[in-house]
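Heads up, the thing below is written out as structure tokens.
The values are calculated or read from the model by the stated rules, or taken from the named source; none is laboratory data. For clarity, every value in this text was computed on a predicted model and none was experimentally measured. Positions of Cβ are generated from backbone atoms using ideal geometry, with glycine treated the same way; all protein chains shown enter the neighbour counts. Note: accessible area is taken over every heavy atom of the protein model, side chains too, but ligands, DNA and RNA are not part of it. Shrake-Rupley method; radii C 1.70, N 1.55, O 1.52, S 1.80 Å.
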Amino acid sequence: MTVESGVLAPDAVRRMFDRIAPVYDAMNRVMTAGLDLRWRRIAAEAVVHPGDRVLDACCGTGDLAVACARRGGVVTGLDFAPAMLERARRKLPSATWVEGDLLALPFEAGSFEAATVGFGVRNVADLERGLAELRRVLVTGGRVAVLEITQPRGMLAPFYRLWFDRIVPLLGRMLRGGAAYTYLPASVRRFPGPGELAGLMASAGFADISYRTFAGGIVALHTGRAV
Ligand SMILES: C[S@@+](CC[C@H](N)C(=O)[O-])C[C@H]1O[C@@H](n2cnc3c(N)ncnc32)[C@H](O)[C@@H]1O
């Protein structure tokens, strides 16, 4: 398990996010030219209805949770990195913030009408179990949105590789805790493509799965309904 392989033990992932918490939001804005906020808004709009109880798992510094709250959701954010969670809490004091593990969610079955995960499932040690946990805590008919970085095909692929494999790690090396930005491209490389992720969501108990991609296929948004 190494940064370069894109596979880290859960404890190492947690420590890594705790270290990069102070620069996390700024790096997101720089790496995506600010588009990340738009992707999170579209993810929230896809699954959150006003009044829904919403779980934002792997909430990090809370930007997707904020988008869900703007849609009228009653939001619970969960993350296992306390420094990320602390920033989220400051951003949206009215939400419920829980330190916990996606792989063992501390909620009863059927606790939420909607669940979102933004750029989180790529980091979990057991993706199938994470998806099954999301299904368990949703009511039947509840909606899930998974926003994740993916690997584009076609013309954009060489530019993406240059940006993601060379420039992002270089930017990261200039920052405190920057090893995370070497881990980032490696973790994307080992993550299933959009079709395969849709299949795993179906196996976890979701139906009506669809996905769309953004920014020439760099980011994918999967949605589904709990059955
Ligand atoms: C790339 S950040 C994404 C944060 C946020 N969702 C966003 O949209 O920016 C990934 C987050 O997932 C959290 N995480 C990774 N594995 C987790 C797990 N098993 N349980 C809870 N949180 C986890 C990390 O601590 C980190 O804050």
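Here are the numbers for the structure shown:
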| item | result |
| --- | --- |
| Residue among 99, 86, 148 that alone is more than 10 Å from the ligand (Cβ to nearest atom) and of a type in the set (Asp, Glu) | 86 |
| Residue identified as among the small types (Gly, Ala, Ser) and at positive phi among 118, 141, 193 | 141 |
| Failed criterion for residue 66 (all others in (1) out of contact with any Ser or Thr (no Cβ under 8 Å at 6 or more places or on another chain); (2) open to solvent by less than 60 Å² (accessible area, probe 1.4 Å); (3) assigned to a loop (DSSP other than H, G, I, E, B) hold) | (3) |
| Yes/no for residue 71 being under 14 Å from the mean Cα position of the chain (by Cα) and surrounded by fewer than 24 Cβ atoms within 10 Å (Cβ to Cβ) | no |
| Scan of segment 53-62 for residues that are near the ligand (Cβ under 6 Å from one of its atoms) and of a type in the set (A, V, I, L, M, F, W, C), ordered by number | 58, 59 |
| Residue within segment 4-17 that is at positive phi and of a type in the set (A, V, I, L, M) present | no |
| Options 36, 18, 11, 25; residue that is in a helix (DSSP H, G or I), buried (at least 19 other Cβ atoms within 10 Å of the Cβ) and within 13 Å of the ligand (Cβ to nearest atom) | 36 |
| Lone qualifier among 2, 32 - being under 17 Å from the mean Cα position of the chain (by Cα), modelled with pLDDT under 90 and farther than 30 Å from residue 226 by Cα | 32 |
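The rows are residues; the columns are (1) within 25 Å of residue 210 (Cβ to Cβ); (2) away from the ligand (no atom under 14 Å from the Cβ).
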site	(1), (2)
51	yes, yes
64	yes, no
71	yes, yes
82	no, no
92	no, no
95	no, no
